[in-house]
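Down below is the structure, laid out as structure tokens.
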Amino acid sequence: MAKSKLFTMNEDRSLYPELDVNGKPIVDLTSHKYVKIWQGPQHPGVTGNMSLELTISGDEIVESKTHVGYLHRAFEKLLERRLFVQCMPTSIRLCVAEPDTNEYVISNAIEELGNIEVPEMAQWLRMLSLEMARLQVLLRQVPGQAGTFALGLGYQWGSYIRDLILDSFEELTGGRVYHMYIIPGGVRGLLPDGFKARLLEKLKLIDEFIPKIDKLIFNNVVFESRARGLAYIPKEWVDEYGIYGPASRGSGVSRDVRKTNPYLKYDQLDFEPFVTTEGDVYARTEVRRADLIMTVDLIRQILDKMPEKGDIKAETPNVLHWKIPKGETYSKCESSRGEYGMYFVTDGSAMPRRVNLKGPSYTHANALLDKLLINANIADTAAIMVSLATCPPEIER
Amino acid sequence: MDLKKLLTPFTAWGNITKDPVTIKDPFNERPGADRYRGFHKNDIDQCIGCGTCEVICENEAIDLVPVSDSKDGDSGLRPMIDYGRCCWCALCVDICTTNSLSLSNEYTWVSTDPEDFRFVPGVDKKDWDNNEKGWKKPDNYEFYSLKRVHMDELSPEERSDSFIEMMKGYSKEQAQQEADRCVQCGICTATCPAHMGIPEYIKAIRNDDLEEGLRILYDTNPLPEICGRICTHKCETVCSMGHKGDPISIRWLKRYIADQNPSEKYKEILEVENLQPKGKKVAIIGSGPSGLSAAHYLALMGYEVKIFEKLEAAGGMMRYGIPEYRLPYDQIDKDIDYILSLGVEIQYNVTIGKDITLDQLGKDYDAVFSGTGLHLGRSTGIPGSDNKHVYASPDLLRWIVEGKEFEVPESVVVIGGGNVAMDITRSMARLQMVKYGKVQVIATALETEENLPADLEEVVEGREEACIINAGWAPVEIEIKDGVPTGLHVVKCNSLFDSEGRFNPQTDPNVKEFWPGTMIIESIGQGMDLSYISEEFKTKLEFGPRGRVQTDEYFQTGVEWFFMGGDIIEGPDVIHGIANGHKAAVGIDIMLNPEKN
Amino acid sequence: MQKGINNLIEKFGASDLEVRRPGLSFITVENTKAVAAITHLKDIDGYTILSLITAVDWIEDGIMQLTYLLNNPEEIAEIGLRVMLERKEEAGESMETIHHLWPNAKKWQQELKEMFGIDFPTSPGLNDPFILEGWDAAPPYRRDFDTNKYAEETFFPRPGRETHDPAEHMKKNMYPNNPSDYTNKKYNPNR
């Protein structure tokens, strides 16, 4: 194991600014020892449009402040003026990379408050689309982590297979990025003819892809020396900072909504989320690599176990006048980034009273990111952000 | 440093000999998947311009623009898509009431003019109009229920020997469930002769605001209990829901509103407690739907109204032509009593032309409205039809209501396939059931099974009650033996109209049948009796085809104070009568108050 | 889960328990006792994760509802703690901060200040802009802020767009003289 940067934090800090009682560096910009720079809102190393206000000393970050708001579209407020079914096209845009989780949490909330029982077939299809979505995210994200260290080749390979998965989405749902597949009451279509065989064929490519990125990334001395020890998250932070999904599992805390609160048909699938304890960027990448393999396996299980035919949609009231009695719920699922939840309030009218989305980025990219960036090298900023899988649209909605 | 980990990544160089996986666009076409959501297509012949696509579009990308004339069941509007706003979610396709809208799998289209990206699919021709592939509404997937909520009814066994109302009416739950199916497009309103606010009163049911519902009904129709039971519901034939599933049960929903409001609260709900008298008087001849409707709206406008009725009870054909099992008398009374409670006076057993002349009415009143209806039965004129055991259906139906004694024979033949023929067929069946415990009625219609003029449910229910309904036969001769009919000779009728659409039945004399029956009832339409109008008065009127008096838009005749409406002018059915009466009331008000209009 | 709920009811007088599904309940607690209740839930009952803080504006009831969603990962249970604040006409409802319990809370509180105008005195950086830099209108997530009006005033529609209501269009073309228009006006102009 390469020498962890975790330990450099405790070495001689005489060249660095003094820390105040809260552990924050005391920075005097007029001393000419420090520079303030902005990373973002447009920056190839920043996932989505957000910016980091960084105070650096040499090439080391001494303070970071997250700025969001570049993507704010007041979606939560807009949903208050939409019929329940009209919420769907808007809600999927809450997270571009993995819109299916939005489709699921909002449909599930509407069904729960509106007392709709989703047919068995639709539940399997929902699960399939959610896992396919996770797959296409991970295909970019696992090699993408190396991309943040300027190793872009694996990302290109991943993007190719991701495109093939998007082709499958196109076949199944009619859309490549915004699928609009899960809808209150069910889903919008059965599997097309021959879909199963074609998707299984594509999954084989991922079986070949894994050893290739193992050689390229995980057996790469540069990646290892940069990722190991970087942005260490101790186990104790997980609850305190609200850390979810792969980031928590990289720090030895197994959190997976699919296991803790099995939804859809996850209780009928056989899987065990990978957990490791190192807590650094390397560990989080390893977790995602294991997730990628697990997702492929889950899709195979789903295709194997799902029924051939069945109802795809429960009968709902006429969508134009569908009113839901007063109530509130929190509907959640496991996204590729961790627990993805939606607080949904109805008031007896045909439109939601309040919708509040809670994605893991909200906690990952604010207090946690600011903390992790302190003392990091400026060149590692992108790597740290990607390892937390920050998605700005779900912070500001 | 681990030397192996330094070298392994270089195995990626192995890819250098492999072919690239990228698609070389534009040299290689890459069509969208079968379900791809690309540019819109619209089958404009199938589209009815109901506008649900516009309603559901959360991006407000759709405008309805006129492309052809409005007609029954088609607004003439078609959706125009603004691709500056469209997000290709295809909810518009999924909600389309006619399945006319779909998305093609075309996703590439270049134009330098941004206005090109706003067009009316199907009208503005595009390359992808004939693409088979693209998003269509999936099967077994609906945004609303296509199935009508069933209304409980008496079983054939329960009803076959009784005149108790057959349809039990909707419960609150059933009515709200049925009202929920309505997409509120309003296509029906134009077709309803009275242009009732159908989507609005259905909405009132959904909101459980039945008082508001009643107010909406009375805006256009003062006989909702009656229409809620026996209206010919032309609205339902154009209902946008009827394209993919069952049309909304508009008639039963109307009945539900009327049934749920108690008659003693009508005046309060309808806010008619302080009508301002105008000091002018109007006479109305006949208390059928048109006369009652005119009386109602005239009374609302402050006129003193008096109805002259020939028979001993009010309602005209609604009481004397429609069997009680379809329209119970207490429901007729509920509607009529409310109209009378507005101060409308009614005089029974008075025949115009005999007891009082039309000219006299004209002198005594500021205006006269006549809605005397079609009460004379028409005859086929075939040999034997002049026998005294051959009856006209209006007479028999009236006798049943009046309780007049007549011989109910064991076997009956009804000539006719319309709703009136079904009424008399099913009424005779009930009387036979009471008397003999069995039914033997044969109704014979010229029209083929698919083209029977009677409502489908009438035919189905009639057959459930053991009536025999034979379609596609032409009556030839009534066989008479010892002065009593023994039955009807018929021949096969293959077509009714010639190539130019004129009535010209084609029969095949070689295919014949004999329907036995000792009573023959002719029910092939009714005629009007205008004998109350003197010959001298008739010279002032203008007559059109089939002896109908010509009137203007407000049903005003050539004589300024004389208005005519209802079945004698338009129809025949109740709802036309109501609409005529309403319009005539407006015409009378305009005539009597020229300065205000 | 039941232990946490029982403690809320017995020690903090919580009311209006609503069990949404096994593992998720909503319960109301008075605003003066809320922070003590949350601290108890976190430190003693195992609700160590703060899933979210958000607000619901019940403008017609004069209530601004705060919802604290807490998660107990051991028992796999969630409690949505409702705190009903008296809604003020011009924003400025006030609630005690919980940033000392979870560092993330200050972000949520900052957002609630910005979007709903709810004050959390002593919460760090509360008045820093979070999403809306340079916003000086009313807090936009309150129900009385009209997004449609704002959009109409701020943006401009594409010119040349016009739509037609099917029923109105058919009336205009097919039966412009509807007698009910006339009679309604005549006898009851108020309707």
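A single entry from A:ALA97, A:ALA122 fulfils the requirement of being over 17 Å from A:TRP322 (Cβ atoms) and touching a strand residue (DSSP E or B) at 6+ places or on another chain (Cβ under 8 Å): A:ALA122. One residue alone among A:LEU320, A:LEU357 is outside any helix (DSSP H, G or I), more than 19 Å from A:GLN123 (Cβ to Cβ), in the same structural domain as A:ASP239 (by TED's automatic domain parsing) and open to solvent by 10 Å² or more (accessible area, probe 1.4 Å), and that residue is A:LEU320. Figure legend. Inter-residue proximity from segment A:310-329: first residues farther than 18 Å from C:VAL56 by Cβ, second residues assigned to a strand (DSSP E or B), beta-carbon distance below 8 Å, spacing 6+ or different chains. Indicated pairs: A:ASP311/A:GLY186; A:ILE312/A:GLY186; A:ILE312/A:VAL187; A:LYS313/A:ILE183; A:LYS313/A:GLY186; A:LYS313/A:VAL187; A:ALA314/A:GLY186. Residues in segment B:276-314 that are assigned to a strand (DSSP E or B) and of a type in the set (Gly, Ala, Ser): B:ALA283 only. Pairs meeting the criteria (first residue in segment A:350-363 and within 9 Å of another protein chain (Cβ to nearest Cβ), second residue outside any strand (DSSP E or B) and open to solvent by 10 Å² or more (accessible area, probe 1.4 Å), beta carbons under 7 Å, at least 6 apart or on different chains) are A:ARG353/A:GLU80; A:ARG353/A:ASP347; A:ARG354/A:GLU80; A:THR363/A:TYR241.
Would you call B:GLN260 within 11 Å of chain C (Cβ to nearest Cβ) and surrounded by fewer than 20 Cβ atoms within 10 Å (Cβ to Cβ)? Judged against the criteria, B:GLN260 is not a match. Scanning segment A:180-207 for residues that are among the charged types (D, E, K, R), within 12 Å of chain B (Cβ to nearest Cβ), open to solvent by 10 Å² or more (accessible area, probe 1.4 Å) and within 25 Å of the chain's Cα centre (by Cα) yields a count of 0. B:VAL65 meets the stated requirement of being in a strand (DSSP E or B) and within 59 Å of the chain's Cα centre (by Cα).
Determine if segment B:423-434 includes at least one residue that is surrounded by fewer than 15 Cβ atoms within 10 Å (Cβ to Cβ), within 24 Å of B:GLU165 (Cβ to Cβ) and out of contact with any Ser or Thr (no Cβ under 6 Å at 6 or more places or on another chain). Yes: segment B:423-434 contains one or more residues that are surrounded by fewer than 15 Cβ atoms within 10 Å (Cβ to Cβ), within 24 Å of B:GLU165 (Cβ to Cβ) and out of contact with any Ser or Thr (no Cβ under 6 Å at 6 or more places or on another chain). Exactly one residue out of B:VAL460, B:VAL476, B:VAL511 is open to solvent by 50 Å² or more (accessible area, probe 1.4 Å), assigned to a helix (DSSP H, G or I) and more than 21 Å from B:PRO394 (Cβ to Cβ), and it is B:VAL460.
Out of everything in segment A:364-374 that is over 20 Å from A:ALA74 (Cβ atoms) and open to solvent by less than 10 Å² (accessible area, probe 1.4 Å), what residue ends up being nearest to the other protein chains (Cβ to nearest Cβ)? That would be A:LEU368.
Restricting attention to segment B:302-322, the residues that are surrounded by fewer than 22 Cβ atoms within 10 Å (Cβ to Cβ) and farther than 18 Å from B:GLY566 by Cβ total 3.
Which ones in segment A:330-350 are part of a strand (DSSP E or B) and within 18 Å of A:GLN141 (Cα to Cα)? Correct list: A:GLU334, A:SER335, A:GLY338, A:GLU339, A:TYR340.
Only one entry in B:ASN593, B:ASN580 is without any contact (Cβ under 8 Å) to a residue 40 or more places away in the chain, within 14 Å of chain C (Cβ to nearest Cβ) and open to solvent by less than 60 Å² (accessible area, probe 1.4 Å), namely B:ASN593.
Taking the criterion of being open to solvent by less than 10 Å² (accessible area, probe 1.4 Å) and closer than 25 Å to A:LEU79 by Cα, the residues of segment B:64-96 that qualify are B:LEU64, B:PRO79, B:ILE81, B:ASP82, B:ALA90, B:LEU91, B:VAL93, B:ASP94, B:ILE95. Scanning segment B:479-508 for residues that are touching a residue at least 60 places away in the same chain (Cβ under 8 Å) and either among the aliphatic types (A, V, I, L, M) or open to solvent by 20 Å² or more (accessible area, probe 1.4 Å) (or both) yields B:GLU479, B:ILE480, B:GLY483, B:VAL484, B:LEU488.
Could you look through segment B:68-83, keep only residues that are assigned to a loop (DSSP other than H, G, I, E, B) and more than 9 Å from every other protein chain (Cβ to nearest Cβ), and pick out the one that is nearest to the chain's Cα centre (by Cα)? So, considering only residues that are assigned to a loop (DSSP other than H, G, I, E, B) and more than 9 Å from every other protein chain (Cβ to nearest Cβ), the one nearest to the chain's Cα centre (by Cα) is B:GLY73. Within the group B:VAL123, B:VAL183, which residue is modelled with pLDDT of 90 or more and not assigned by TED's automatic domain parsing to the domain that holds B:TYR256? None of the others qualify; the one that does is B:VAL123. Scanning segment B:481-517 for residues that are in contact with an Asp or Glu (Cβ under 9 Å, 6 or more places away or on another chain), modelled with pLDDT under 85 and hydrophobic (A, V, I, L, M, F, W, C) gives a single hit, B:LEU496.
Which one of A:VAL62, A:VAL85 is of a type in the set (Val, Ile, Thr), outside the structural domain of A:MET306 (by TED's automatic domain parsing) and open to solvent by less than 10 Å² (accessible area, probe 1.4 Å)?
Exactly one of A:VAL62, A:VAL85 is of a type in the set (Val, Ile, Thr), outside the structural domain of A:MET306 (by TED's automatic domain parsing) and open to solvent by less than 10 Å² (accessible area, probe 1.4 Å), namely A:VAL62.
For A:LYS313, the conditions (1) touching a Phe, Trp or Tyr at 6+ places or on another chain (Cβ under 9 Å); (2) more than 14 Å from chain B (Cβ to nearest Cβ); (3) among the basic types (Lys, Arg); (4) open to solvent by 10 Å² or more (accessible area, probe 1.4 Å) all hold with the exception of (2). Do we find that A:ILE92 is buried (at least 19 other Cβ atoms within 10 Å of the Cβ), touching a Cys at 6+ places or on another chain (Cβ under 9 Å), within 14 Å of chain B (Cβ to nearest Cβ) and among the β-branched types (Val, Ile, Thr) in this structure? Spelling it out, A:ILE92 is indeed buried (at least 19 other Cβ atoms within 10 Å of the Cβ), touching a Cys at 6+ places or on another chain (Cβ under 9 Å), within 14 Å of chain B (Cβ to nearest Cβ) and among the β-branched types (Val, Ile, Thr). Restricting A:LEU52, A:LEU125 to those that are more than 14 Å from every other protein chain (Cβ to nearest Cβ) and at pLDDT 85 or above reduces the list to A:LEU52. When A:LYS309, A:LYS215 are checked against the criterion of being on the phi < 0 side of the Ramachandran plot, in a helix (DSSP H, G or I) and not hydroxyl-bearing (Ser, Thr, Tyr), a single residue qualifies: A:LYS215.
If only residues of segment B:11-54 that are open to solvent by 90 Å² or more (accessible area, probe 1.4 Å) and within 9 Å of another protein chain (Cβ to nearest Cβ) are counted, the one that is modelled with the lowest pLDDT is B:THR22. Please enumerate the residues belonging to segment A:254-304 that are among the small types (Gly, Ala, Ser), open to solvent by 10 Å² or more (accessible area, probe 1.4 Å) and either modelled with pLDDT of 95 or more or in a helix (DSSP H, G or I) (or both). Passing the criteria: only A:ALA290. When segment A:165-179 is limited to residues that are more than 20 Å from the chain's Cα centre (by Cα) and open to solvent by 10 Å² or more (accessible area, probe 1.4 Å), the one that is farthest from A:ASN115 (Cα to Cα) turns out to be A:ASP167.
The values are calculated or read from the model by the stated rules, or taken from the named source; none is laboratory data. Treat the numbers as computed from the prediction; the structure is a model and nothing was measured. FYI the Cβ positions are ideal-geometry reconstructions off the backbone, even for glycines, and counts take in every protein chain you see. With ligands, DNA and RNA removed, areas are computed over all heavy atoms of the protein, side chains included. Shrake-Rupley method; radii C 1.70, N 1.55, O 1.52, S 1.80 Å.
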